[in-house]
1. Roughly how crowded by other chains is peptide B:195-204, in terms of the mean Cβ count from those chains within 10 Å of each of its Cβ atoms?
2. Considering every residue in A:88-99, what mean count of other chain Cβ atoms within 10 Å of its Cβ is obtained?
3. As a test of the formula, what do you get for chain B when each DSSP H run with n ≥ 4 contributes -39,500 (n - 2.57) and the sum is divided by the residue count, at 222 nm and rounded to the nearest 500 deg cm²/dmol?
4. For B:Lys30, give me every one of the lysines with a C-alpha distance below 21 angstrom, ignoring sequence neighbours fewer than eight places off in its own chain.
5. Given a cut-off of under 8 Å on Cα pairs at least six residues apart, what relative contact order in percent is computed for chain A?
6. What is the distance in Å between the Cα centres of region B:686-700 and region B:294-344?
7. For a quick check: sort B:Ser507, B:Ser360 by the number of other beta carbons within 10 angstrom, fewest at the front.
8. I'd like the distance separating the alpha-carbon centroids of region A:1-55 and region B:441-504, in whole Å.
Amino acid sequence: MTQRQITLIVNDRDHELWVAPSDTLLDVLHDGLGLADVRYGCGEGVCGTCTVLLDGEPVSGCLILAVQAAGRQVTTLRGLMGPGEELHPLQECFLRRGAAQCGFCTPGMMLTALDLVRRSVSQGRGRPSRDEIRYALVGNLCRCTGYTKILDAIEEYADQ
Amino acid sequence: MTTRDLQPRTEPYRIVGTSPAHHDFVDKVKGSLLYAADWQLPGMLHGRVVRSPVPSARITGLDVTAARARPGVAAVLTAADVPNNQIVELASGGLAELQVTMPVLAAGRVRYTGEPVAVVAAATQQMADEAAELIAVDYDELPGVFDPESARADGAPRVHDVGNTLVSWQIRSGDVAGALAAADVVVEGEYRTQHVEHAYLEPEAGVGWVENGVLTLRVSTQVIEHAAMIAHILGLSQSKVRVIAAYMGGGFGGKEDMTVEPYLALLAWHTRRPVRMIWDRQESLLASTKRHPFVMRYRTGADQDGTITAQQVEILGDAGAYPNLSPRVLFAAAACACGPYRVPNASITSTAVFTNNVPSSAFRGFGAMQVVLGYESQLDLLAGRLGLSRTELRERNFLAKGDLLPTGERLDTCVEVAQTMHRALGMLGAPPRPSGPGKLTGRGIGCNRHPYGRTIWFRDRASAWLSLQADGTLLIRSGVTDLGAGQAASLCQIAAEVLGAPLDDISIYIGDSALNPPAGGTFATRQLYMSGNAVLHAARELRERIAPVAADLLGVPADDLDWAGGHVRAEAGGPGITLAELAAACDRRAVSTAHLSTWRAEAGSFDPRTGQGDTFPDYTYGTHAADVEVDTETGQVTVLRYAACHDVGRAINPMRVQGQIQGGAVQGLGYALTEDMAIEDGYAQAALFADYLIPNAQDFPDVLVDIVESGEGKGPLGARGIGEPPIGNVAATIASAIHDAIGVRPDRLPMTPERILALLDGRHP
């Protein structure tokens with residue numbers, strides 16, 4: 001299949017890539033750039049394990065073609081960390097609250113939560129309520145934790 | 001706080017009983033943990049399994065010419081290419097089941113929709129998928145059988161030539177017929193459960209390669225011991241196959257049987273190139289194993305004062321098309337069918353039947369969870385009939401240490417189920433009021449007795465190897481696989497407790513069949529029990545060996561030494577040496593600082609003819625309690641509050657214990673209310689993940705957790721297993737609450753709005 005050259009801006013770095021028109025953003029991030037924090041879970045946009053921020057908005061990497069993301073800012077969980085892999089405060093909260101078990105849903109969960117807290121604060125609504133957090137997370141499934149500790153962690157972050 | 005604050009500890013432990021964020025947590029929140037699909041090797045091919053589109057057929061033609069000729073295709077393999085095309089499971093060790101083999105790739109006959117027929121490897125996933133489409137298979141469809149009751153009927157189509165009844169277990173004690181005839185009251189019920197999907201977020205995946213004549217698979221698996229079966233399939237010696245288990249993105253029993261392993265093995269061995277295989281989610285829904293649907297018929301007799309005198313139980317489980325672990329699942333169901341209650345006269349029959357459905361196999365709870373709906377429903381019905389409260393009736397019948405089970409075994413550890421019941425109910429607070437007209441509220445409870453550890457006749461064992469390194473850090477090697485529940489991390493805590501090495505100074509190497517001592521797979525809630533004991537004993541034995549060296553250096557008796565904080569001291573807070581100094585001293589004196597230990601579970605035997613003998617080493621007891629609101633207009637059930645309490649013996653890591661209980665409860669809520677992997681005439685009705693409703697963050701309330709620590713488990717330091725037990729109580733608890741709200745007992749899962757409406761209308765759904 002004819003490949004196209006695109007530029008992807010991932011975690012503040014430019015990547016020149018040759019991609020097939022049918023390659024999803026997930027394919028390119030996971031297999032092309034080796035970003036293991038963006039994961040295949042269902043390919044239907046249902047589970048949220050491939051969540052990334054595209055120009056700051058959470059999207060499912062399995063539902064977006066790589067060519068559609070050309071020239072746009074892509075942020076994965078690893079892009080939140082400081083130099084020397086310094087943890088983001090939200091990651092610290094997840095750690096403290098035991099909000100991961102198998103860890104497979106964790107990156108997508110955190111990116112969605114981060115977007116919610118940012119939007120809520122920037123729109124002057126203050127910290128989101130526990131119910132608002134629940135609502136925001138419906139597209140990020142977790143099969144291990146039962147969500148309680150995830151909600152605890154996000155609330156703790158939102159309180160900061 | 002939504003979860004009860006962890007209570008301060010008074011035990012003489014420093015590390016055990018705390019909840020540190022361990023190595024795996026850190027990697028998980030960074031997103032840096034590499035799961036099975038995250039490895040890529042140079043020249044790696046991509047695999048695809050070709051599966052049967054029909055549930056029962058003869059294969060009359062199979063043409064792979066066009067697929068093999070396709071550019072980029074490295075291999076197209078069929079049954080003819082498999083050296084030993086037979087997987088022999090014998091899940092109960094051949095004690096009572098039919099011996100039926102499962103082909104790796106179908107040879108002339110398919111028995112369920114999704115059965116593997118061929119396997120392809122190509123340069124890219126797309127090429128492999130396109131080549132798979134070019135394989136021409138001619139199916140001559142045969143009549144199938146799709147539910148276990150039909151499969152037992154005379155003249156039913158045979159799934160296998162030897163017959164459709166895979167196994168039928170009998171447990172008998174006392175005189176049930178006489179006791180039922182003499183009982184003041186007898187209650188009867190029939191309960192039906194559904195196929196359920198594991199729905200781990202990480203689909204089945206792995207990478208395989210050949211190096212120095214050894215086939216290595218790095219896969220998402222609960223059981224690296226499958227290396228022996230893979231060697232058998234390829235006709236290799238067992239020393240030539242190595243299985244590495246990546247940290248799993250969930251398993252719940254669904255990665256206890258082999259998944260991608262035999263296909264990766266065939267392709268990598270045949271092509272001599274690295275191969276990756278990731279099952280699509282839709283493929284996983286279609287073809288991965290499921291939880292057994294059960295039909296359970298209960299008759300329970302009791303005296304007027306509520307004392308249970310007899311129980312007759314018949315269980316029928318849909319095994320699907322191949323044996324997998326069904327014999328053992330139905331055995332666990334039989335052994336646990338009477339729950340945490342004294343039943344002096346019992347007759348239990350538990351039968352696994354072949355159908356042309358996708359195979360059922362291990363799923364968290366493993367037969368012992370389906371029966372909770374049966375025995376707890378019976379208890380509630382009995383309470384209603386006798387006019388006793390549900391708690392009073394239970395307390396009259398709870399098992400106690402020293403009591404006999406229907407198998408003739410005597411319970412030799414404490415039973416704190418009453419305490420868990422009162423604590424669970426206590427967490428709920430005052431009963432809620434209906435939120436409006438047409439709404440009814442109710443409160444339910446569900447108690448359970450869930451085994452941990454393998455069936456006793458397997459004479460289970462686990463090994464662990466510890467080494468104090470020259471710099472004073474500690475290395476643990478264990479064949480344990482990690483499902484995400486902290487299996488590896490809790491072993492570190494136990495070793496740290498004994499040897500005083502700080503957690504940051506401990507590295508654990510797990511899940512490698514060639515390099516680590518065997519731990520026996522992560523299933524049956526056995527790893528804390530088995531590998532926890534193995535590490536505890538290895539650490540104690542290593543300490544006993546090196547303690548005299550420290551004692552000599554410090555001039556005190558070895559028994560007086562204090563091991564903590566990376567030091568060995570003459571007394572707590574006193575002068576001491578570092579573990580590095582101790583390692584150096586041991587080296588000078590030729591005292592080895594490495595130690596291998598094997599821990600063996602208690603042994604016993606079970607007689608399938610008499611239905612008497614040893615079953616499981618011990619049990620975890622617990623109770624869940626819930627408040628629900630039922631909308632009588634729509635049948636919708638809303639869970640308002642949910643509380644769970646289990647006796648875990650001793651919490652090695654209380655936060656992880658809470659997490660297990662919360663996660664198990666929510667998985668159980670999905671099972672109770674929404675999840676149904678319905679299969680109609682052999683075809684799965686959920687083709688997409690969007691069609692299969694696992695709980696999301698909005699569906700259910702927070703799960704309140706309390707923990708009893710009786711200290712009487714058979715795990716390390718008195719711990720009991722908690723992996724599976726907390727999923728068991730849920731469906732019974734919700735059914736109990738709905739019963740309380742609407743006055744009618746739901747007896748069929750999931751308890752969907754349609755079924756609740758039918759109950760409200762007086763119709764049986």
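1. Values: counts 0, 0, 0, 1, 5, 5, 18, 9, 8, 0.
Whole-number average of other-chain Cβ neighbours for B:195-204 is 5.
2. Details: counts 2, 0, 1, 5, 2, 1, 5, 7, 5, 4, 12, 5.
Per residue, the number of nearby Cβ atoms from other chains is 4 on average.
3. Values: 19 runs with 203 residues, N = 765.
About -8000 deg cm²/dmol.
4. Correct list for B:Lys30: A:Lys149.
5. Values: 280 pairs, mean separation 36.2, N = 160.
Relative contact order, chain A: 23 percent.
6. 30
7. Values: B:Ser507 13, B:Ser360 28.
Listed from fewest to most nearby Cβ atoms, that is B:Ser507, B:Ser360.
8. Centre-to-centre (Cα) distance: 37 Å.
Read-outs: derived from the displayed coordinates by stated rules, not from any lab. Model, not experiment: these values are computed from the prediction. When we count neighbours, we look across all protein chains shown, and the Cβ atoms used for this are built from the backbone with ideal geometry, even at glycine.
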